[in-house]
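I have placed the structure first, in the form of C-alpha cells, so that the comments after it can refer back to it.
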Amino acid sequence: MALLSRQLLKTFATMAVDKPVAKALEDVTSRVRLASAKVNRTPPRLVAVSKTKPAEAIQEAYDVGHRVFGENYVQEMLEKAPVLPSDIKWHFIGHLQSNKVKSIIEAVPNLAMVETVDSTKLAHKLNKAVEGSGRPPLSVMVQVNTSGEESKYGVGPSEVVSLARHVFTQCPHLKLAGLMTIGMPDYTSRPENFECLAKCREDVSQDLGLPVDQIELSMGMSGDFEQAIEMGSTNIRVGSTIFGARNYHDK
Ligand SMILES: *Cc1c(COP(=O)(O)O)cnc(C)c1O
C-alpha cells in the first residue's frame, strides 16, 4: 500500500515536469469534481480551450483521455483538426464569420458544437452548410452579451428568445443545445453575468416549452469556473489553466 502510493506520487511528480498539460488537466478535473460535489451537481463538460497552442499540447491531453477541445479561430481549427484523432469533439467558441461557415463544416466532420451563434443569418448559413454536407445535425448555442456593455458579439438578453426560437423552429439541421456567455468585454465574469444567462434560459424554456435541464449553460473560464459551476454551468471553457499562458493577448 505504502509502496504503491509512493510510486504514484513519483509518477505525478514526474508528470508535472514532463507532462505539464496532463498534470494541469488532472488538477482542473479534480477542482471541477470538488466544486460540483459542493453544490450537488453533475460535473459540467470541460472544454479544454487550445487556441494558440500546438497540436502536440492537445495530443498530450488526448493521451490521458480528454476528448473535448475548443478553438476560436477558424484557421487554427482547420490546421489542427485534420492532424489530430477523429474522435475529438471540437467546440468552436470564437466569432464565426458567415463566409467561413462552409469551410469549417466541410473540413471538420467532428465539429461537435458551435457555441457562438449570434444572428439568424449565421444560424441560417450553418443550417444550410450542415444540410449540404450530409453530416448529422450540429449542436449550437446562442451567444449572449450579458455585460450590458457595447460588444460586437453576442445578442442582448432581450433578443435571446427570438434567436433561440429561430434555431429551434427554422433550422432542422441544427440542435439548440443551450446558451453561452463570455462575461465582461475583458473576459472576466461577475456573478451578474451568470445570473443573467440563467435568467435567459428560463425565458427560452418557457417560450419553447422545453425543460430547463435540456438547455445548457456555457459559462466559466480559467478565472471563475468554480463559481460558474456553483451557479449552474453545464459547460465550462478552460484554456490557460490547462495549457499555460498564451503568448499573445487574444480574444
Ligand atoms: C480563450 C477563451 C476561453 C478560455 O479562457 P481562459 O481564461 O484561458 O481559460 C474561454 N472562452 C472563450 C470564448 C475564449 O475565447
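All of the numbers you see were taken from the coordinates with simple rules; none came from a lab. Note that the structure is a prediction, hence the values are computed from the model and not measured. Counting neighbours? That spans all protein chains shown, and the Cβs are built from the backbone with ideal geometry, glycine included.
Result for the chain in a Gaussian network model with C-alpha springs under 10 Å: among Ser98, Ser189, Ser222, the largest mean-square fluctuation is at Ser98. When each of Glu192, Glu150, Glu26 is scored by the number of other beta-carbon atoms lying within 10 Å, the sequence from fewest to most is Glu150, Glu192, Glu26. Going from the residue with the fewest nearby Cβ atoms within 10 Å to the one with the most, Thr234, Thr42 rank Thr42, Thr234.
By its C-alpha gyration tensor, with a ≥ b ≥ c as the square roots of the eigenvalues, how is the range 2-243 shaped: rounded for a/c under 1.5, else prolate for a/b larger than b/c, else oblate? Judged from the Cα gyration tensor, the range 2-243 comes out oblate (a/c at least 1.5, b/c at or above a/b).
Build a GNM of the chain with springs between Cα atoms under 10 Å apart, and of Met141, Met219, Met184 the one that fluctuates most is Met184.
Computed from backbone phi, the HN-Hα couplings of the range 184-198 come to 7, x, 8, 6, 9, 10, 10, x, 4, 5, 5, 5, 4, 5, 5 Hz, rounded to whole numbers (Karplus: 6.51 cos²θ - 1.76 cosθ + 1.60, θ = phi - 60°; Gly and Pro given as x). Looking at the square roots a ≥ b ≥ c of the eigenvalues of the Cα gyration tensor of the range 64-112, which shape do they give, rounded for a/c under 1.5, prolate if a/b is larger than b/c, or oblate? Because a/c hits 1.5 or more and a/b exceeds b/c, the range 64-112 counts as prolate.
A cut-off of 5 Å between modelled amide H atoms, ignoring neighbours fewer than 5 places along the same chain, links Met180 with Val142, Gln143, Val144, Ser218. Among Lys38, Lys53, the order by Cβ neighbours within 10 angstrom, fewest to most, reads Lys38, Lys53. For a straight C-alpha distance cut-off of 21 angstrom, the lysines reachable from Lys102 (same-chain residues fewer than eight places away being disregarded) are Lys51, Lys80, Lys89, Lys121, Lys125, Lys128, Lys175.
Note: relative contact order over the chain, using C-alpha pairs below 8 Å and six or more positions apart, is 19 percent.
Across the options Thr42, Asn72, His91, the greatest Cα extent toward the positive end of the charge dipole of the range 40-91 (unit charges at beta carbon of Lys, Arg, Asp, Glu) belongs to Thr42.
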